[in-house]
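Accompanying notes for the structure given below.
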Amino acid sequence: MRKVTAELIVKDPAKFAHHDRVFLNNPVVMQGMGLAPLVVLATSGQNAVMLAAAVALLLVPSRVVACLLSRLVPLRDEDPSQEELQKKLLPRALIYAFSPAVVYLAAYPILNAVFGTGLLSLGIYLPLLTVEPLLTYRFGRVQETVHKAVSKGLRITVGYALLLVLLGCVREWLSAGTVFGAAVGSRALLPMASMPAGGFIVLGVLCAVWRALAKKRREYLEKEARSLVAVNHQKEAEHGE
């Protein structure tokens, strides 16, 4: 662990965990975002990979486009006045709603070239990704920089894609006894895992396990950070003498 990271964890562990959108603060596990594609479509490893690719092509570019266009009507205060909200929220909402739709028009030919007719299995839920809170929730928030839009967008993409593939593989294994079409085990353990109801059950179990592991990981990092900072302070004191 680097000294700067350790000091950041000791100073504000909650802030450090908040920025980790892959594991410690995964948007699905911790905030419940993007549930519809997960429970309805992530029924197999192949479907999960297609969804993950779609999210990767949509999330960061649409976030950057919306970030740039929203500068026309920026929100600069954490607690803006009611008058400012009435004036700016509607145009910002339209910008954040239309940006993913425009990016989707460019992303779909790429997805079609890679996956072909397999995309048909995603149905209406593929274009519905454009209105996922993962893409649109920033419209009422303080204006962010392009660097932050790219950085945070990449972290959210990795975290969401990781859970997508994990859930898709687990559900395929439980419902069909296969993973990416390859046989794993002798029989299906939970056929209803391929249904939305089963998806909610499997996702709930995964989220519970994920949260428990994230809590353990956070406690471990805080303990290591405190130890490292204490050692560094002791060394500095010795050098000072």
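Read-outs: derived from the displayed coordinates by stated rules, not from any lab. A quick note: this is a predicted structure, and the numbers were derived from the prediction, not measured. Every residue, glycine among them, receives a Cβ derived from its backbone with ideal geometry; neighbour counts consider all protein chains shown.
Odds and ends about this structure:
- Condition met for residue 177 (on the phi > 0 side of the Ramachandran plot and touching a Leu at 6+ places or on another chain (Cβ under 8 Å)): yes
- Residue 101 touching a helix residue (DSSP H, G or I) at 6+ places or on another chain (Cβ under 6 Å), surrounded by fewer than 16 Cβ atoms within 10 Å (Cβ to Cβ) and under 20 Å from residue 53 (Cα atoms): yes
- Any hit, segment 204-227, residues being among the β-branched types (Val, Ile, Thr) and surrounded by 16 or more Cβ atoms within 10 Å (Cβ to Cβ): no
- Test for residue 43: is it outside any helix (DSSP H, G or I), out of contact with any Leu (no Cβ under 7 Å at 6 or more places or on another chain) and of a type in the set (Val, Ile, Thr): yes
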